[in-house]
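One structure is given below, encoded as structure tokens.
The values are calculated or read from the model by the stated rules, or taken from the named source; none is laboratory data. What you are looking at is a predicted structure, and each value in this text was computed from that prediction instead of being measured. Neighbour counts are summed over all protein chains in view; Cβ atoms, including those assigned to glycine, are modelled from backbone coordinates with ideal geometry. Note: areas computed on protein heavy atoms with side chains; ligands, DNA, RNA excluded. Shrake-Rupley method; radii C 1.70, N 1.55, O 1.52, S 1.80 Å.
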Amino acid sequence: MDNSATTAVDPGVTEAMLPYFSENFGNPSSLYSIGRQAKRAIEEARQKVADLIGAKKEEIIFTGSGTESDNLAIKGTAYRNRKKGDHIITSSIEHHAVLHTCKYLESQGFKVTYLPVNKEGLVNPVDVEKAITPETILITIMHANNEIGTIQPIEEIGKIANEKNIIFHTDAVQTIGKLPINADTLGVSLLSMSAHKIYGPKGVGALYIRKGTVIESQMHGGGHERNIRSGTENVPGIVGFGKAAELAKVHLPEEEKLANLRNSLIKGIFEIKESYLNGHPTKRLPGNANFRFSYVEGESLILSLDMKGVAASTGSACSSTSLTPSHVLIAIGLRPEEAHGSLRLTLGRENTQEEVDHVVSILPDIVNKLRMMSPLAR
Amino acid sequence: MTDGYSEKVMDHFANPRNVGEIKDADGIGKVGNPVCGDLMWIYIKVKDNRLEDVKFKTFGCGAAIATSSMVTEMAKGKTLEEAMEITRNDVAKELDGLPPIKMHCSNLAADGLHAAIKDYLEKSK
């Protein structure tokens, strides 16, 4: 139950990709027929990715990952507009791909405002408006948070950004294929996507760049991807992303069922004393549930679940390489010891009611056993 | 997830030895800090300069629980002097090693034991 980390590649996606490893191995830049075939396949994939977010084909640039898309959007905007201003607005709960890019730009002389969030993880659009200065060149706020699942008021922020004529980027890695998305309605100029969260392959992402928005290339070379992202295209990966996007659109109505499944998980787990839900009760990703249990630590929860065949993740320091608790959980106001006790369960297409029932049945004993061991428990 | 941990660590995590508190403990060692995610309380019962019983309560990751469990096993029956010589590396070695980033947890278990012995020595002065 860790579908927000990644997903299994859909067999239909694998099938679509396979020919592009073998018989259709052509370089899309070559003018002869197998090259043209590869080129055509890329353009078809571009259309499918565009369709998933209500964009035009020409507005999609393929990249190597969601992280690369974020880097390209943020650095590309910052460097392009350096003469106009040097101020960027973001939130304190962004993915590291955004936060660390902003930190890097600070080291390059840009100024960054990290907006706080409320205890449910929401950015207040009023705060965005107040943070804008004449120097502001970019607002970047994620569509939904990867840890706690909170969905941000992107449309409202988009209105503000457009009124002030400021470029607005959103990291939609967690939301494409899970929420209905229309780039125009959202009011974004830039939107980051990744294939492997929607049953596509790893190693391919995309950036939506609204027509008329100009950013600086961060990868120079042979002029691929409209000279915004040079480098021979990952043809099988892109074809796989296209297929995954097509399937995601078909499966989109099922996300409501997923939310119901998730709700039954929450209801079941709330039977455990002193268990809490992190994030927003309703404005959250359909598959996301993020809990905390007083007096127990997250990694030991995850190890215990793993021994029973359940995969999950935590915001505890003990499971991270930095040994600091999740910045998201701290930003929503949790004390470190509360953040250490978090457990993220993210459901996907493959999860069943039986699996949810299984987790609900084994978790109370796991939590109790760890609480018996804990000096914090009374 | 468990790739980084030895079988012995997983065994001590899944079946921790000597969990709990000793109500009339002769010494208690409290180490760690909930802020960094590890908190360990080690209880000892001393008889004739030997550790007659050692128990623990730990809030923390798999390594923190396994090292607590291991240190209680290692210390039981030892003289106070012998127990004071148990180092963090000894604990890690007995567990067939720990991932490098987890070495601070084994540090904590030996510290907890030493703190409990010092507490006993203070009280019996």
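Tell me the residue from B:Ile42, B:Ile22, B:Ile86, B:Ile101 that is surrounded by fewer than 24 Cβ atoms within 10 Å (Cβ to Cβ), within 14 Å of chain A (Cβ to nearest Cβ) and not in a helix (DSSP H, G or I), please.
Only one candidate qualifies: B:Ile22.
Would you check which residues across segment A:360-371 are over 11 Å from A:Ile272 (Cβ atoms) and either in contact with a strand residue (DSSP E or B) (Cβ under 7 Å, 6 or more places away or on another chain) or of a type in the set (D, E, K, R) (or both) and list them?
The one that is over 11 Å from A:Ile272 (Cβ atoms) and either in contact with a strand residue (DSSP E or B) (Cβ under 7 Å, 6 or more places away or on another chain) or of a type in the set (D, E, K, R) (or both): A:Lys369.
Inspect segment B:69-79 for any residue being part of a strand (DSSP E or B), more than 8 Å from chain A (Cβ to nearest Cβ), modelled with pLDDT of 95 or more and under 25 Å from B:Asp96 (Cα atoms) and give the result as yes or no.
So far as segment B:69-79 goes, yes, one or more of its residues are part of a strand (DSSP E or B), more than 8 Å from chain A (Cβ to nearest Cβ), modelled with pLDDT of 95 or more and under 25 Å from B:Asp96 (Cα atoms).
Specify the residue that is nearest to A:Leu329 (Cα to Cα); the eligible residues are those in segment A:266-298 that are among the hydrophobic types (A, V, I, L, M, F, W, C), surrounded by 24 or more Cβ atoms within 10 Å (Cβ to Cβ) and away from chain B (no Cβ under 14 Å).
That would be A:Phe291.
Among the numbered criteria (1) within 17 Å of B:Val19 (Cβ to Cβ); (2) part of a helix (DSSP H, G or I), which one does B:Lys93 miss?
Against the list (1) within 17 Å of B:Val19 (Cβ to Cβ); (2) part of a helix (DSSP H, G or I), B:Lys93 comes up short only on (1).
Restricting to segment B:25-38, what's the tally of residues that are of a type in the set (A, V, I, L, M) and facing chain A (nearest Cβ under 8 Å)?
1
Here is a yes/no grid of residues against (1) crowded, with 21+ Cβ neighbours inside 10 Å; (2) at pLDDT 95 or above; (3) more than 9 Å from chain B (Cβ to nearest Cβ):
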position: A:Pro336; (1), (2), (3): no, no, no
position: A:Ser342; (1), (2), (3): yes, no, yes
position: A:Glu350; (1), (2), (3): no, no, yes
position: A:Ile366; (1), (2), (3): yes, yes, yes
position: A:Arg378; (1), (2), (3): no, no, yes
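What number goes with the only condition from (1) within 8 Å of chain A (Cβ to nearest Cβ); (2) open to solvent by less than 30 Å² (accessible area, probe 1.4 Å) that B:His12 does not pass?
Evaluating B:His12 over (1) within 8 Å of chain A (Cβ to nearest Cβ); (2) open to solvent by less than 30 Å² (accessible area, probe 1.4 Å) leaves (1) as the failure.
Quick one: is B:Gly60 within 7 Å of chain A (Cβ to nearest Cβ) and in contact with a strand residue (DSSP E or B) (Cβ under 9 Å, 6 or more places away or on another chain)?
In short, yes.
Looking at segment B:104-116 only, could you name the residues that are away from chain A (no Cβ under 14 Å), out of contact with any strand residue (DSSP E or B) (no Cβ under 6 Å at 6 or more places or on another chain) and not small (Gly, Ala, Ser)?
Within segment B:104-116, B:His114 is the sole residue that qualifies.
Among the residues of segment B:107-125, count how many are modelled with pLDDT under 95 and touching an Asp or Glu at 6+ places or on another chain (Cβ under 9 Å).
4
Inside segment A:140-151, can you point out the residues that are open to solvent by less than 10 Å² (accessible area, probe 1.4 Å), in a loop (DSSP other than H, G, I, E, B) and either more than 21 Å from A:Asp184 (Cα to Cα) or among the polar types (S, T, N, Q) (or both)?
Of everything in segment A:140-151, those that are open to solvent by less than 10 Å² (accessible area, probe 1.4 Å), in a loop (DSSP other than H, G, I, E, B) and either more than 21 Å from A:Asp184 (Cα to Cα) or among the polar types (S, T, N, Q) (or both) turn out to be A:Asn145, A:Ile148, A:Gly149.
Could you please tell me which pairs satisfy a Cβ distance under 6 Å, a separation of 6+ or placement on different chains, a first residue in segment A:192-215 that is assigned by TED's automatic domain parsing to the domain that holds A:Gly76, and a second residue that is open to solvent by 20 Å² or more (accessible area, probe 1.4 Å) and of a type in the set (Asp, Glu)?
Within 6 Å, the pairs are A:Tyr199/A:Asp10; A:Gly205/A:Glu68.
Applying the selection to segment A:1-16, what residues are open to solvent by less than 60 Å² (accessible area, probe 1.4 Å) and either over 23 Å from the mean Cα position of the chain (by Cα) or among the small types (Gly, Ala, Ser) (or both)?
Once the filter is applied, which keeps residues that are open to solvent by less than 60 Å² (accessible area, probe 1.4 Å) and either over 23 Å from the mean Cα position of the chain (by Cα) or among the small types (Gly, Ala, Ser) (or both), segment A:1-16 yields A:Ser4, A:Ala5, A:Gly12, A:Ala16.
Do we find a residue being surrounded by 22 or more Cβ atoms within 10 Å (Cβ to Cβ), out of contact with any strand residue (DSSP E or B) (no Cβ under 6 Å at 6 or more places or on another chain) and closer than 20 Å to A:Ala5 by Cα anywhere in segment A:174-189?
Yes, segment A:174-189 contains at least one residue that is surrounded by 22 or more Cβ atoms within 10 Å (Cβ to Cβ), out of contact with any strand residue (DSSP E or B) (no Cβ under 6 Å at 6 or more places or on another chain) and closer than 20 Å to A:Ala5 by Cα.
Under 6 Å between Cβ atoms, at least 6 apart or on separate chains: pull out the pairs that start in segment A:227-256 with a residue that is charged (D, E, K, R) and end on any residue that is in a helix (DSSP H, G or I) and open to solvent by less than 20 Å² (accessible area, probe 1.4 Å).
A:Glu233/A:Ile42; A:Lys243/A:Val13; A:Lys249/A:Leu52
Looking at A:Val9 and the list (1) assigned to a loop (DSSP other than H, G, I, E, B); (2) in contact with a strand residue (DSSP E or B) (Cβ under 8 Å, 6 or more places away or on another chain), which single condition is not satisfied?
Failed condition: (2).
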